[in-house]
Every structure is written in structure tokens, then in C-alpha cells.
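What follows is one structure encoded as C-alpha cells, with my remarks underneath.
The values are calculated or read from the model by the stated rules, or taken from the named source; none is laboratory data. This structure is a prediction, so every number in the text was calculated from the model and none was measured. Cβ: placed from backbone, ideal geometry, glycine included. Neighbour counts: every protein chain shown. When the accessible area is computed, the model is the full protein with side chains, heavy atoms only, and any ligands, DNA or RNA have been set aside. Shrake-Rupley method; radii C 1.70, N 1.55, O 1.52, S 1.80 Å.
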Amino acid sequence: MRSCGVFRLQQELVQFLEDFASKKSVFKNKKVFQPSYKPATILHRNDLIEQMAKILAPVLKLEKPSNLFVYGKTGTGKTLSVKDVAEGFNKLVISKNIPLKILYINCKLKRISDTEYRLIAQLAREFGKTIPPTGLPTDEVYKLFFNAVDESERAVILVLDEVDQLTKKTGSELLYNLTRINEELSKSFVSLIGISNDLNFVDALDPRVKSSLSEEELLFPPYNAVQIQEILNERAKEGFAKNKIGQGVIEKCSAYAAREHGDARRALELLRVSGELADRSNNQKVTTEHVDEAEEKIDRDRLLDAVSTQPKQAQAALYSIISTSSGKQPIFTGTVYEFYKELCTRTDLRPLTQRRLSDIISELDMLGVITARVISKGRYGRTREIVVPKTLQAANIRRILQDALNL
Ligand SMILES: Nc1ncnc2c1ncn2[C@@H]1O[C@H](COP(=O)(O)OP(=O)(O)O)[C@@H](O)[C@H]1O
Ligand SMILES: [Mg+2]
């Protein structure tokens, strides 16, 4: 009987959940793996933290410190270190009653910084002003912000984390205005700390903004595998129960994370996901097999994420590739294009030229979803030889694309 089957499934599920609830986890405190968690110790960044503190020190005597530009690849401890220095200064602010305000803004956050208006309004609000979410002329919002800062004698340090995202969204005008802010202030001053994961960001800036923002620069280099091991060991002590991490696990996470560049975030994510997989598979310990599984899972999730956030045309191109690909044999741009054109009429998408589709195919190659090699066909011109890797979860991706394209 059908209902019996459903009932049995439910019972199994209940059993699973009961087992799960009563089972001991390999974790002691999983919170230590959340991005916002502040570790008890920051390893290998003493010099950089000290340099940063020295650059900012004049602020304690209400002298304006140089603007500072902090840069380095993702997961090199920039946000953590800047926040640590800010915390140190804030302690002095309280104990010595210094009129210093440190503001931290992450420019990646949409609701705060996707327009010039929003960001300046948010800054004014930090100084107690009420600003409507829209409606005022931008100049007016600037004025309200400047007046709010200048209400009393004080120092302000404005940290703009992921500042490269800001110029991507709003252009460099906003940053230019912020670097000129002290011309508008008489009782107070503002020093900027810009943080960027993009190493080329400053060079691409308007030279006036560039020279002002990077009066001082600090480069955060990638960690090496041994340094990452030490960071993971510290965090594992806080996060995992005793004797739950098998031999070689930390080493493997570190080696994987150091392979591209020494990214501590990636390493911590690997260790956390490995722990979760160990819990799910009823193992008492995290093993190196879990690390391999975790590495695959993270890559897979990231790829699925990337596919679902691609523009419609790229999704249509990928769908056409997956649909025309027959396994081992490579396919060619022309075949994909025929399918794509037909797909466009089905989905009300404006068809692009074959040449443009070919560009999109090469972008999909760079994303790592497929491989597309240009081959010459003599006097017939060039085409791309497209291969869908066996490891690609084509069925999953197909489902995501069908949803996205309303098929
Ligand atoms: N030196 C370190 N010691 C301990 N944890 C670190 C260290 N550097 C980075 N981390 C951890 O790695 C993750 C990424 O660090 P973060 O400061 O956000 O990097 P970035 O801002 O450079 O991308 C965070 O979870 C952070 O706590
Ligand atoms: Mg950061």
C-alpha cells in the first residue's frame, strides 16, 4: 500500500532525526567558524597590525593621520586585522575619553552602498541625523553629513571595506568627494582606511583619488601552508571537541588552501565542511577523506552558485551546450548556435550573433564550467571545440538552467 510506504519513510526520517539529535558532534562550538567570529589570537599579523597602529596613532592627539590603503588577496586577514586595530583604539577612546569615532562600512552590502545617496545617508545617520531613504538631492545629503561631522571638535576614521565594490557600483565620484571631505570641515577631520581584495584597484583609480587614498599603503601577503596550519590549529582547539580531528586533516586543508593562494577563509571553510560531513556520515572523527569530499562539495556549490547568477544569455548558451553535447565527442560552436537560436524563440530571448555567442562560450570556459578550445578550420575560419567535463554535474546544472530560463 502506498500510504504504508510513506509512513515507513516518515518513520525512517524520524529515526534519523532522533539519532542525529542524540549523536555527539565532532564540533564543540561551531560558532567559531562563522565569518563574523573574532579568534582569540591573530597569528602572523603582528607586524602589519603594529604598522597600522603607528600610522593611525596621531589621531589620539587629534592630529589627522594619513589616509591608508590596505590591500591583499581574499582571506589574508585584512578585515580581521583592521577591526582588531579599531577595537584597540576604541578601548583608548573610552578609557581616555578621546573624541574619536571609528566607522566601519562594508561596501559589498547592497542596502548600504549601492548608490552614493545611500552611503552618504547612512554615514549621516551614524552621526544621529534622520535622512529619508530617498528624495533629497545628493548635494543636500552631503551637506547634512558634513554638518553632522563638524558639530563638535572630533576625529573620525572611516573604514571602507571592499572599497573596490563601491567604485564598481557608484563610479569614483563618491570616493573623490570623500577624499576631499576635510576641505569642508573646520572643527573636525576624517581619515580614510580603504580595504581592497583587488590588487589592481588603486592603479585604475583617478590619479587624484589614488594619491589621496593611498598616502600610506599596507600589503597583506598570502599565508603559506605552514602559517595556515597554525591558524587552523588554533581555531580547531576552539571549535572541535577533543580528539575529533584525524591525522593529516589540518595539513590537507592547509595544503589545499595554499594551492591557489594562502586564503585562510577557504581553509577554515574546508575544515568546517569536513566536520559537517563527518557528522553526517556518523563518523566519530574527521578524516582526510572528508577533506577531499569537502573540497569537492565546496567547488560544486560554488559552481552551481555561479551558474545560477549568470546573465540570461550565458545561461542560454550553457543550456544549449549541455543539451547538444553527447558525452565523449567534442561539439562545435555552429551546432550549439543552431540549438541556441531555437531556444531563443522558445524563451523570448533576443538571439545574439554567432560571434557574440562564441565570446560568451569563452567566458564560460574561464568560469570553469566547460572547456572551449579555438581551432582553425583553414579557409572556413575558426570555431571552438567545446567539451563538457565528465565531472560537471550536468543534470543538476540543467535543472537550474531550466528554472532560470522558465523552460
Ligand atoms: N592571522 C589570522 N589568525 C586567525 N584567523 C585568521 C587570520 N587571518 C585570517 N583569519 C580568518 O580567516 C578568515 C578571513 O579573514 P579576513 O580578515 O576576513 O580576510 P580578508 O579581509 O583579507 O579577506 C576570517 O574568518 C578570519 O577570522
Ligand atoms: Mg575582508
Exercise. In the stretch 377-407, what residues are surrounded by 14 or more Cβ atoms within 10 Å (Cβ to Cβ), modelled with pLDDT of 85 or more and part of a helix (DSSP H, G or I)?
Worked result: ILE397, ARG398, ILE400, LEU401, ALA404
Problem set entry | Answer residue from the stretch 352-366, given it is open to solvent by 40 Å² or more (accessible area, probe 1.4 Å) and under 21 Å from GLN329 (Cβ atoms) and is modelled with the lowest pLDDT among those | ASP365
For this session: Give the residue, chosen from LEU123, LEU136, that is open to solvent by 50 Å² or more (accessible area, probe 1.4 Å) and either part of a helix (DSSP H, G or I) or modelled with pLDDT under 95 (or both).
Result: LEU136
Problem set entry | Search result, residues across the stretch 88-120 that are more than 22 Å from SER172 (Cα to Cα), part of a loop (DSSP other than H, G, I, E, B) and either acidic (Asp, Glu) or open to solvent by 50 Å² or more (accessible area, probe 1.4 Å) (or both) | ASN97, PRO99
Exercise. Hey, any hits in the stretch 367-376 for a residue that's outside the structural domain of ARG302 (by TED's automatic domain parsing), exposed (fewer than 12 other Cβ atoms within 10 Å of the Cβ) and within 27 Å of the chain's Cα centre (by Cα)?
Worked result: no
Seminar exercise, completed: Just one listed residue, out of TYR256, TYR340, is of a type in the set (Ser, Thr, Tyr), part of a helix (DSSP H, G or I) and within 27 Å of GLY72 (Cβ to Cβ), and it is TYR256
Problem set entry | Whichever residue in the stretch 174-222 is of a type in the set (D, E, K, R) and either under 18 Å from ASN106 (Cα atoms) or touching a helix residue (DSSP H, G or I) at 6+ places or on another chain (Cβ under 6 Å) (or both) and, among such residues, is nearest to ligand 1 (Cβ to nearest atom) | ASP198
Problem set entry | Looking only at the stretch 322-333, and only at residues there that are open to solvent by 30 Å² or more (accessible area, probe 1.4 Å) and in contact with a Ser or Thr (Cβ under 7 Å, 6 or more places away or on another chain), the one that is nearest to GLU385 (Cα to Cα) | PHE332
Exercise. In the stretch 227-252, how many residues are within 16 Å of ligand 1 (Cβ to nearest atom) and not acidic (Asp, Glu)?
Worked result: 12
For this session: Just give me the residues in the stretch 357-371 being part of a helix (DSSP H, G or I) and touching a helix residue (DSSP H, G or I) at 6+ places or on another chain (Cβ under 7 Å), in sequence order.
Result: LEU357, SER358, ILE360, ILE361, GLU363, LEU364, LEU367
For this session: Inspect all residues belonging to the stretch 337-351 and state whether any of them is within 29 Å of LEU270 (Cα to Cα) and within 31 Å of the chain's Cα centre (by Cα).
Result: no
Exercise. Of LYS73, LYS54, which residue is more than 24 Å from GLU276 (Cβ to Cβ), within 16 Å of ligand 2 (Cβ to nearest atom) and either open to solvent by less than 100 Å² (accessible area, probe 1.4 Å) or part of a helix (DSSP H, G or I) (or both)?
Worked result: LYS73
Exercise. Free of Cβ contacts under 8 Å to residues at least 60 places away in the same chain, buried (at least 20 other Cβ atoms within 10 Å of the Cβ), more than 30 Å from GLY77 (Cβ to Cβ) and of a type in the set (Val, Ile, Thr) - does that describe any residue in the stretch 286-307?
Worked result: no
Problem set entry | Conditions (1) open to solvent by less than 50 Å² (accessible area, probe 1.4 Å); (2) more than 18 Å from PRO311 (Cα to Cα); (3) part of a loop (DSSP other than H, G, I, E, B): number failed by LEU349 | (2)
Problem set entry | Set ARG208, ARG235: member being in a helix (DSSP H, G or I), more than 23 Å from the chain's Cα centre (by Cα) and either surrounded by fewer than 17 Cβ atoms within 10 Å (Cβ to Cβ) or in the same structural domain as GLU251 (by TED's automatic domain parsing) (or both) | ARG208
Exercise. Could you count how many residues in the stretch 169-205 are open to solvent by 30 Å² or more (accessible area, probe 1.4 Å) and assigned to a helix (DSSP H, G or I)?
Worked result: 10
Problem set entry | All positions within the stretch 77-106 that are more than 17 Å from GLN165 (Cβ to Cβ) and within 16 Å of ligand 1 (Cβ to nearest atom) | GLY77, LEU80, SER81, LYS83, ASP84, VAL85, ALA86, GLU87, GLY88
